[in-house]
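Participant: Pasting a structure below so you can have a look.
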Amino acid sequence: MVGFVKQFQGSRLTSMYQHFQSLRLQKSTPVPVRRRYSVTSDILAYQQCSIQYGAYAVRRYEPALVVQLFYGTIVHQVLDRAHAHFRGELGVPPGTIPSDADIQNYFTEVENALKARRIRAVSNVREQALRVLQRFNALEGPDLYPRILDTECLLQADQQNYILHGNVDVLAHSDVPNGDQVEIWDYKGSTRLSKGNPEYQRYVFQLQVYADLYRRKTGQTPTKAILYFLNELAPDPPPQTRPINALLEVNLDPSAVQQALQSFGQTVQQIESCRSSRIWPDPVEDPSEATCDACDLRWKCPAAAKLGRKYPLVYP
């Protein structure tokens with residue numbers, strides 16, 4: 001009986017094999033992955049330091065030092081609350097400029113949220129961030145807040161091989177008389193850089209790309225693109241008028257915008273190449289000393305070593 005069963009199973013398997021032997025499946029063509037690339041956290045981060053970008057953005061290592069993240073995040077989120085305050089969305093009448101105490105309260109709210117994410121700052125960094133936010137609010141708020149149309153505005157565009165996107169800090173009515181045109185503003189938690197600094201050109205490219213993304217979304221090119229360097233407000237005594245270096249208007253000439261887009265497209269190709277090879281080479285341009293000082297990889301980084309930046313190991 002057992003032999004009969006085995007013979008039956010064997011003949012059945014043979015029949016099934018012959019039945020499916022002629023079956024042909026069409027091989028599907030692999031669909032290329034179109035990644036989303038952020039203007040700041042991808043493009044500019046890679047340009048700033050490719051090694052650091054590979055470690056934190058792609059391999060997802062968790063940084064221990066997050067001072068720069070604290071400063072940039074708290075500046076943007078507190079000012080976003082200040083804009084909402086003026087619009088009357090936070091329990092106050094519309095058109096009310098936040099007081100120093102209001103900015104202090106919003107600062108504490110954002111700081112507590114960052115602490116929950118284990119993002120903290122040393123005391124002097126914290127005090128400076130609060131100081132420049134209160135001064136910006138008092139100095140620029142009365143003129144800027146009434147003109148604001150939107151904040152944290154998401155813009156994106158299909159670049160065929162990838163999706164490029166970014167968040168504009170502020171869309172504001174242009175100050176051109178009798179006009180309905182729009183300005184884009186971006187806040188930087190730093191002092192103004194010299195034109196020879198690579199970071200300066202990256203900031204300019206960022207605003208030029210934002211202007212093009214806005215044009216694609218609305219069909220209208222912004223009247224102005226403005227970088228505001230908040231740390232120009234930090235020195236004492238407090239400025240009574242806007243410091244001359246605080247505001248930079250970016251050139252939006254079409255040829256300059258195309259140059260920025262080409263630069264970003266080349267950077268995306270470099271990132272994709274690194275992803276494929278899993279090799280993250282030294283940065284094309286020397287990273288700033290502040291970038292190296294805040295990086296967990298600095299003790300054994302070939303790029304830092306080439307620049308003569310020595311970071312002796314600290315033992316308990």
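The values are calculated or read from the model by the stated rules, or taken from the named source; none is laboratory data. Note that this is a predicted model, so its numbers are computed, not measured. Cβ placement follows ideal geometry from the backbone for every residue including glycine, while neighbour counts extend to all protein chains displayed. With ligands, DNA and RNA removed, areas are computed over all heavy atoms of the protein, side chains included. Shrake-Rupley method; radii C 1.70, N 1.55, O 1.52, S 1.80 Å.
Participant: Among the lysines, which fall within straight-line cross-link reach of Lys27, defined as a Cα-Cα distance under 28 Å, with same-chain neighbours fewer than 8 residues apart omitted?
Facilitator: Once the sequence-local lysines are set aside, nothing remains near Lys27.
Participant: Report, ordered by chain and residue number, the aspartates and glutamates lying within cross-link reach of Lys310, taken as a straight Cα distance under 14 Å and ignoring same-chain residues fewer than 8 apart.
Facilitator: List returned: Glu289, Asp293, Asp296.
Participant: Using a 1.4 Å probe on the protein heavy atoms, what percent of the accessible area of the chain belongs to carbon and sulfur?
Facilitator: Carbon plus sulfur share of accessible area: 52 percent.
Participant: Additional query: Work out how much length Ala64 to Arg242 would gain on full extension: take 0.36 nm times their residue separation and subtract the Cα-Cα distance, in nm to one decimal.
Facilitator: 60.5 nm
Participant: What is the distance, in nm, between label points placed 7 Å from the Cα along the Cα-to-Cβ direction at Ser174 and at Asp158?
Facilitator: Between Ser174 and Asp158, the simple spin-label model gives 2.9 nm.
Participant: For the stretch 120-228, what does the alpha-carbon gyration tensor say about shape, rounded, prolate or oblate, given a ≥ b ≥ c as the root eigenvalues, a/c under 1.5 as rounded, and a/b over b/c as prolate?
Facilitator: The shape class here is oblate.
Participant: Taking Lys306 as the anchor, which lysines have their alpha carbon closer than 27 Å to its alpha carbon, excluding any fewer than eight residues away along the same chain?
Facilitator: Excluding near neighbours in sequence, the set is Lys195.
Participant: Treat every Asp and Glu Cβ in the chain as -1 and every Lys and Arg Cβ as +1, leave all other atoms uncharged, and give the resulting dipole magnitude about the Cα centre to the nearest 20 debye.
Facilitator: With only Lys, Arg, Asp and Glu charged at Cβ, the dipole is about 2000 debye.
Participant: Nearest 10 degrees is fine. How inclined is helix 67-86 to the longest principal axis of the chain, computing both from alpha carbons?
Facilitator: Taking Cα atoms only, the helix is inclined about 70 degrees.
Participant: Continuing with the same structure: Between Trp299 and Arg24, what's the calculated FRET efficiency when r is the beta-carbon distance and R0 is 51 Å? Round to 0.05.
Facilitator: E between Trp299 and Arg24, to the nearest 0.05, is 0.35.
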